[in-house]
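Encoded as structure tokens, the structure appears first; notes follow it.
Please treat every number below as a calculation from the coordinates, not as lab data. Since this is a predicted model, take the numbers as computed values, not measurements. FYI the Cβ positions are ideal-geometry reconstructions off the backbone, even for glycines, and counts take in every protein chain you see.
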Amino acid sequence: MSDMKATERVPAQRGPFGAQMVTQKSMNFGPSARRLIGRMRPQRVRALLTVALACFSVACSVAGPKILGHATDLIFAGLFGRNLPAGSTQEQAVAGLRARGDDRLADVVGALKDLVPGQGVDFGALAGVLGIVLALYVVAALASLAQGYLLNTVVTSTMLQLRADVEEKVNRLPLLYFDRQPRGELLSRVTNDIDNISQSLQQTMSQLLTSVLTVAGVLGVMVWISPLLALVALITVPLGIVLTAVIMKRSQGQFVRQWRQTGAVNAHVEEAFTGHALVKVFGRTREAEEIFDERNEQLFEASFRAQFISGLIQPLMMFIGNLNYVVIAVVGGLRVTSGAISLGDVQAFIQYSRQFTQPLTQAASMVNLLQSGVASAERVFELLDAEEEPADPVHPAQPARGLGLVAFEHIAFSYDPETPLIEDLSLVVRPGQTAAIVGPTGAGKTTLVNLIMRFYDLDAGRITLDGVDIATMRRADLRSQVGMVLQDTWLFEGTIRDNITYGRADVTEEQMLTATRATFVDHFVRTLPDGYDTVIDEEGSNISAGQRQLLTIARAFLLDPALLILDEATSSVDTRTELLLQHAMRSLRANRTSFVIAHRLSTIRDADLILMMDGGTIVETGDHASLIAAGGAYAALYAAQFNAEPEEEAAA
Amino acid sequence: MLVRLLRANLRPYRRVLGLVVALQFVGTLAALYLPSLNADIIDDGVVKGDTGYIVRTGALMLGVTLIQIACSITAVYFGSRTAMGFGRDVRHHIFRRVTGLSGHEVTAFGAPSLITRNTNDVQQVQMLVQLGATLLVVAPIMMVGGIVMALREDVGLSWLIAVCVPALAAVAILIIRQMIPGFRLMQKRIDRVNRVLREQITGIRVVRAFVREPQETARFGQANQELTDVAVTTGRWMATMFPSVMLIFNVSLVGVLWFGGHRVDAGSMQIGALTAFMSYLMQILMSVMMATFMLVMVPRASVCADRISEVLDTDSSVTPPAAPVTSLTRHGELAFEDVSFTYAGAPEPVLQDISFVAKPGETTAFIGSTGAGKTTLLNLVPRLFDVSAGVVRVDGVDVRELEPELLWSTIGLVPQQAYLFSGTVRSNLLYGKQDATDAELWAALETAQARDFVAAMPEGLDAPIAQGGTNVSGGQRQRLAIARALVKRPEIYLFDDSFSALDVATDARLRRALRPVTRHATVLIVGQRVATIRDADQIIVLDEGRIVGRGTHAQLLATNATYQEIVESQLTAEEAA
């Protein structure tokens, strides 16, 4: 069953167009972000502790410059004190300065708290202050470290759970979901989007938290030191926020364009390189190059704009920071000379204003990143919210381990309510019989076997296996009664043994060898250097397509099911392998009720029952001879095939 | 490789880059001048109580700030232009190089790998140039400038710089070095988680049919846990980074105040210089951080540069003739004369001593097990590969002497993997003949047994085709690929197992319809099914690269053991008689 067939059935979903519709959906930032945060609930103790630690560490680092400013004051005081006569008081010194007409300097000296005339810098006091600061910084670093560790655990655990939820969800989704969704698009959700969430959470959460807290803390201290200077510093903040917002809005658009153009270039390169030979032989190299140059130029324009505009944030924020610096230096300087504030406070202020603009810029760019993460989260939530398969019955019927009697009773089914496929179908296949399903592409052959496996649920009617309605069994119980060999020879990463025994620990070596011998697997496996322990690599390139098919047959053989479903592949395997496949399938079918989607005449003619399908329904049933005699659709199909090759039949 | 790639492709931008460096230099100097002016405000303004001086110096600071922003913005402008232009140029070179390569090199690289090299890899190097032009240029200027200015303020404290800078660099590098292998491992584990999930989704029917869900969940759970383990470890190192760096910054500040305080007390340093020194030290440390983070990008970019250079350094094994033959008596007679072909570096030839003549109006078919060299043989005709020995002639002219465009115009190729380009049914059909009328297109579709399903699409000829043709079924794709070759009306048709996805009846109808259309053309068919090739005028049986039989179906059936074996196996398959 290929995905191509799936798209054929659902014409509304045409590959990339379907995907576009999905991605164009508008973003619901608030609720999705809350839901993402909500997923951290199991980690809430850690999360709260993280916030508390972050507050503490930010408080420590915010306090730092203020105390350091005190150190500057101590030095400043020492500087003045040295030049004043010992034994005099600060008031005397100030008065002396005023007497000399040096009013301003008098103001400055008057504001100094730690001034002791005649004494230089009080290194004892300085050491005390610096020691406190040092201790504060060390504690802040430790708290920040602990916070980082905790947050890391919160985020990774949340992601662990999210991935596990998605995986479990995949197991509960109806197959229809996979048919409707372009496979690349679904894979992108479960891989790229989850990666993106994880990355943006990891990067943003810690920085966003510290940035916001730092802004708040710094603002508080600034107001405390000098409301006037804080006001001055604050004037530049809205300017910065507005500028950043304007730039980000513009650059966001340019980034979207840049990625869209990257996609366009990528699509063209992919086509030109994948169809390399065709482009050449059809003489289209020049056109391909022209299209490439055109798209490449557009990509250049878009990415240049994106980079330039977003590159402006940094210098502009630096500019605003510098502006702040200048204003504070001037206003602060003037205030110091008027004695309203100490020099140390001005110096602390300069540091604070630096600390202020930086986290703001940081928070802005984090919000940007977070937007992308939330967009991805939204896509993952969509998947998590998709409707699931109906649950298994609470009191499931036990499958009667019988002979393999299958009955369809007035079943109706459609993939899409608007286009009914099977409307009223009844049939019985008796134990041990082989039913060959034939008909043109799109006639619903695969649908029929999908219904037996309960990959899809019926709209009406019922299917019974040995008298038990399959809808009343647990899906797992039903499926373990049925062996299936599909067209796509899906093997998973692991050894050949793992792939054949398929995780069943109860299989003995002898049982496995019986299966592999009967299905001609044993022979080729023994030619491999590692035998049954050969690891099937990523592309499965170390074994051929035919061998892969044999492996899947062996897998079904080992299961020893009552009922068998086979899809005869028409892939191009070489003739010797083809012969082996024939024999293997035949030995698998022996004494088992089998449904075969048949492509080979031998299978069809040997079948006990031919189900001739067209347009989703069975148009004829019977064996080969009776259907030929009836001269209906099957006879026409048969004739079409044999008229084309009458000599071949004679040659046989 | 990285250096070579950068040097070669940045050459056209060297003037602009010079300008960027000059602008960044001025801008950084301006930024560095600010603390010095601030020191003046303190020393000459505040200490002396000169408000006029404070205001004047403030105005000067404002001017310097304006110069600084003007320089940085202009530098970002030209830097981005250079970096993005660099990316565009490299992409251009790669694309041209790849279109010039032969099928041999493209197969050797693999199309997906070439695509990644042409886009993602370039992106990585381009990013390095972008950051280099905007940030990395600044870092050394800022560092040297910062050191000079700091020394100007006070030489006595300069030993602090010599301690702090290496300490910061050492800590940063130490942590980053722990993180890089972690990131690498994490990428591997992410790939593994993605792979397990991918396997589950692509194999969903098998998983469900065999009730494998619990095992799959366990397998996924293990991969998920392994990823989380490494994410926790790397995340911890990352969490260590910020506090460590901050601590070093802050300890440096404390150091400056302590040792600076002594110098101020001793009268060998002014108080304003102390404040300025602190600012400079911060700037120096910032630039060290910037440089360290940038250098982390270099290993990755250099891997990408290697991959890019590898493509740019590859020459096509198929070179156009120096003096091409530009006209042909176009009949389409094709001759192989003692042709052998060996892949570069392979010990065994894929084809050996192949000689045959395919005449116009005749069908020549090739059959043989996989790996017999059938596809390679067809690919020698349009020179997707060149022969290792012998000659392939079209109308008597060695294909290596022919003008490539002329050669290609005589050939209609339907490859094994029917590949369609994104666009519409029409744009695909027009691929070989852009001025074909709708009537011609419908006629080709009719022959290719594609008329019915195209007509059934609501948009008909304008029905959209997804990239690769993934929105139509395998059989439909093959029929459209055949129609595409038919529209071109070439002298030589090459069908490389082009009927494999068709059911037997469609296959038969198609070949019957093909007969009158290709009446005057030379047709080469590679087939797996005996039914597909049995009507050919000449069947050539290949085994391990050699011709082991030739003749009609009847002749071979009577005389050729390999052919008999093939027929027998298929008759068992298709005829249970």
| About its Cα centre, what dipole magnitude does region B:1-99 give when the only charges are +1 on Lys and Arg Cβ and -1 on Asp and Glu Cβ, stated in debye to the nearest 20? | 1200
| request: Pop the C-beta distance of residue A:89 and residue A:239 into the FRET formula with R0 = 56 Å and round what comes out to the nearest 0.05. | output: 0.75
| FRET efficiency, residue A:533 to residue B:159 (Cβ-Cβ, R0 56 Å, nearest 0.05) | 0.30
| query | Can you give the mean number of other chain Cβ atoms that lie within 10 Å of the Cβ atoms in peptide A:522-530? | reply | 0
| said: Along the Cα→Cβ direction, 7 angstrom out, place labels at residue B:509 and residue A:228. What is the inter-label distance in nm? | reply: 9.5
| field | Relative exposure of B:421, A:76, judged by other C-beta atoms within 10 Å (fewest first) | value | B:421, A:76
| From phi via Karplus (6.51, -1.76, 1.60), per-residue ³J(HN,Hα) for region A:34-50 in Hz, x at Gly/Pro | 4, 5, 4, 4, x, 5, 8, 3, x, 9, 5, 4, 4, 4, 5, 4, 4
| task | Could you please rank A:394, A:138, placing first whichever residue has the fewest other Cβ atoms within 10 Å of its Cβ? | result | A:394, A:138
| field | Computed [θ] at 222 nm, helices only, for the protein assembly as shown once each DSSP H run of length n ≥ 4 contributes -39500 (n - 2.57) | value | -21500 deg cm²/dmol
| query | Around residue B:490, what is the net charge, scoring Lys/Arg as +1 and Asp/Glu as -1 over all other residues with Cβ under 10 Å from its Cβ? | reply | +3
| query | Tell me, B:479, B:56 in order of fewest to most beta-carbon neighbours within 10 Å? | reply | B:56, B:479
| said: Check which residues have an amide H placed less than 5 Å from residue B:366's amide H, if you skip close sequence neighbours. | reply: B:525, B:526, B:527, B:540
| To the nearest 0.05, how large is the calculated FRET efficiency for residue A:199 and residue A:119 if R₀ is 60 Å and r is the Cβ-Cβ distance? | 0.55
| message | Give me the net charge for the shell around residue B:563: Cβ to Cβ below 13 angstrom, other residues only, Lys and Arg +1, Asp and Glu -1. | response | -1
| said: Output wanted: per-residue J couplings in Hz (rounded whole) for region B:282-289, from phi through Karplus 6.51 cos²θ - 1.76 cosθ + 1.60, θ = phi - 60°, x for Gly and Pro. | reply: 4, 5, 4, 5, 4, 5, 5, 4
| request: Hey, can you grab everything whose amide H is under 5 Å from the amide H of residue A:563? Only 5+ residues off in sequence or another chain; H modelled, so Pro and N-termini drop out. | output: A:483
| said: Quick check: residue separation of residue B:294 and residue B:315 times 0.36 nm, minus the Cα distance between them. What number comes out in nm? | reply: 4.2 nm
| field | Shielding score for A:136-145, defined as the mean number of other chain Cβ atoms within 10 Å | value | 5
| query | Cβ under 9 Å from residue B:391's Cβ, residue B:391 left aside: what net charge do those residues give with Lys, Arg +1 and Asp, Glu -1? | reply | -1
| Peptide B:506-514, shielding by other chains (average Cβ, 10 Å cutoff) | 2
| Near the amide H of residue B:402, under 5 Å away, which other amide H atoms are found, from residues 5 or more places off or on another chain, if H is placed in the peptide plane? | B:325
| request: Rounded to whole Hz and in sequence order, give me ³J(HN,Hα) for region B:404-420 from the Karplus expression 6.51 cos²θ - 1.76 cosθ + 1.60, θ = phi - 60°, writing x for Gly and Pro. | output: x, 4, 5, 4, 5, 5, 8, 10, x, 9, 10, x, 4, 8, 5, 10, 10
| How big is the protein assembly as shown on each of its three principal axes, counting only the C-alpha atoms and giving the largest first in Å? | 133, 83, 54
